[in-house]
Amino acid sequence: MPIINRLADLTDEITAWRRDIHENPEILYETVRTAGKVAELLESFGLDEIATGIGKTGVVGVIKGKNGGKGRTIGLRADMDALPIEEITGKPYASKVPGKMHACGHDGHTAMLLGAAKYLAETRNFDGTVVVIFQPAEEGGAGAKAMIDDGLMTRWPIEEVYGMHNFPGMPVGEFAIRKGPIMAATDEFRISITGRGGHAAKPHDTIDPIVVGSQMVNALQTIASRNADPLDSVVVSVTVFQAGNAFNVIPQETFLQGTVRTLSPEMRDLAQERMELIVKATAEAFGASAELKFIRGYPVTANHDDQTDFAAAIAEGIAGEGKVQRDIAPMMGGEDFSYMLEERPGAFIFAGNGDSAGLHHPAYDFNDELIPVGCSYWVKLVETALPAAA
Ligand code: NI
C-alpha cells in the first residue's frame, strides 16, 4: 500500500499551494490570508461544510462519506502559522515578508491536509465524516486551545483526532511515533528577589539578592537531580539572571527567568511545587523576599495507545516494513496539538523531512517530496478508520 497514484498526480498542484503559502507567511493569529486561501480551496473541492473564524482565524472543513456521513467522525489537524525569523534559503519562493518565514513546515502541513481533503471530497471512499482542522497560532499562541474553546470538538462530534509534523534528519518516506508522551509540557518561570542594597564594601549592612539568586539557581537543579524519579524527565533551565549595574554597589533586586520541561502531569506538578518551596525558603533563609510566577504553557503531548498503534500501522502501510520507528524518544519541545489530545483520543506522528536544516532555523524549508507521502497517510488513515460498506 504505497503512495496513492491520484495523490502523486496532484503533487504539482499541492506543491504550488505550499509554495504560495511559504511566500506569504503569517504568524500566530494573523493567518488571515492563509485561512482565506484554505477556505477558498476547500470550497472549490466541494466540501459539505466550511466554517471560518474558529479560534479567531482557524478553518474547519467537513467531508461526508459515501453513506451521507453517518457513523463515526474523525478529525485531522494541520497548523498554518509561520515564525518571526528572517529567511535565508534563497529559494525562488522564499518569504516575501521581512522578518517572517515558514521555518517549521506548517506551510507543508497545511498543503498536505488540503491535498488529502481534495482527494477525499473527490472519492468519498469511506463511511462516516472527516473534519479537516486548520489551526492558527501553534507557535506559542495556543491556537488549538482557541479552536477547542470555540466548540471544535462539540460543534462537530469529533471522536478521534490525528496530527502530523515533519521531522528534519529523518529520510522522506519514514515515520516515527511513540505511545504516551511524545512532546513536553513547556512552562515558564519568573522570579523576582528583593534584598537590601548598599555599599559593596559593607555587605553586612545589606541583603545581597545576587547571593540569594545564586543559591536559588543551584537549589533549583535539585528538582531534576534529587526530586525527580531518575526514569522520569524534567528540565529546569535558568536562562536569565539580571542584577546590578555597578562594581561597588550591592543591588536591591535580582531577576531570574527560565523554563521547565516535563513529560508527565505528575512531574509537572512536582516541579512547580518544589520550585515554589525552594524560592520562598531560600529567600527566607537569607532574609530576602522573593516572588515566583509560574506560567503554564502547552501541556504534555501524550499519544493514546490504540490510536498510536493504528497510526503506526497506517504509516507502515505507506512507508513499508521497518520504516516506522514506534518508540522514538520524546522531544522536550512543545506542541499545542496536546490540547486536542487532552480532549479526544488520537495520535501525533513525525514524518521524515529528509536532510534539511532543523526546525526554526532560517535555512529550513519543508521538503515537497514529503507531500505525496503525507497526503497518502491522511487518506489511508481515513479510508481505514472509516471503511466504506462493501
Ligand atoms: Ni511546528
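Please pick out the residue among Thr384, Thr308 that is modelled with pLDDT of 95 or more and more than 23 Å from Ile148 (Cα to Cα).
Being modelled with pLDDT of 95 or more and more than 23 Å from Ile148 (Cα to Cα) holds for just one of Thr384, Thr308, which is Thr384.
State whether the residues of region 244-256 include one that is of a type outside the set (Asp, Glu) and either more than 19 Å from Ala200 (Cβ to Cβ) or in the same structural domain as Met331 (by TED's automatic domain parsing) (or both).
Yes: one or more hits.
Within region 64-87, does at least one residue satisfy the condition of being away from the ligand (no atom under 16 Å from the Cβ), within 28 Å of Pro362 (Cα to Cα) and β-branched (Val, Ile, Thr)?
The answer is no; no qualifying residue exists.
Give, as residue ranges, the strands (runs of 3 or more DSSP E) completely inside region 283-353 that count at least 3 residues that are surrounded by 18 or more Cβ atoms within 10 Å (Cβ to Cβ) and out of contact with any Asp or Glu (no Cβ under 8 Å at 6 or more places or on another chain).
346-352
For region 124-146, which residues satisfy the criterion of being among the hydrophobic types (A, V, I, L, M, F, W, C) and within 16 Å of the ligand (Cβ to nearest atom)?
Answer for region 124-146, where residues must be among the hydrophobic types (A, V, I, L, M, F, W, C) and within 16 Å of the ligand (Cβ to nearest atom): Ile133, Phe134, Ala137, Ala142, Ala144.
If the requirement is being at positive phi and either aliphatic (A, V, I, L, M) or within 16 Å of the ligand (Cβ to nearest atom) (or both), which of these qualifies: Leu28, Leu41?
When all the criteria are applied, what remains is Leu28.
Here's a check for you: in region 241-276, which residue that is surrounded by fewer than 23 Cβ atoms within 10 Å (Cβ to Cβ) and of a type in the set (D, E, K, R) is farthest from the chain's Cα centre (by Cα)?
Per the criteria, the residue is Glu253.
Quick one: how many residues across region 148-192 are more than 16 Å from the ligand (Cβ to nearest atom) and within 27 Å of Asp48 (Cα to Cα)?
14
For region 234-251, enumerate the residues that are part of a loop (DSSP other than H, G, I, E, B) and out of contact with any helix residue (DSSP H, G or I) (no Cβ under 7 Å at 6 or more places or on another chain).
Result: Asn245, Ala246, Phe247, Asn248.
So if I check each of Gly75, Gly69, Gly36, which one is assigned to a helix (DSSP H, G or I) and in the same structural domain as Val131 (by TED's automatic domain parsing)?
Gly36
The values are calculated or read from the model by the stated rules, or taken from the named source; none is laboratory data. Every value quoted in this text rests on a predicted model; they were computed, and no experiment measured them. Don't worry about glycine lacking a Cβ; one is built from the backbone with ideal geometry, like all the others, and counts go over all protein chains shown.
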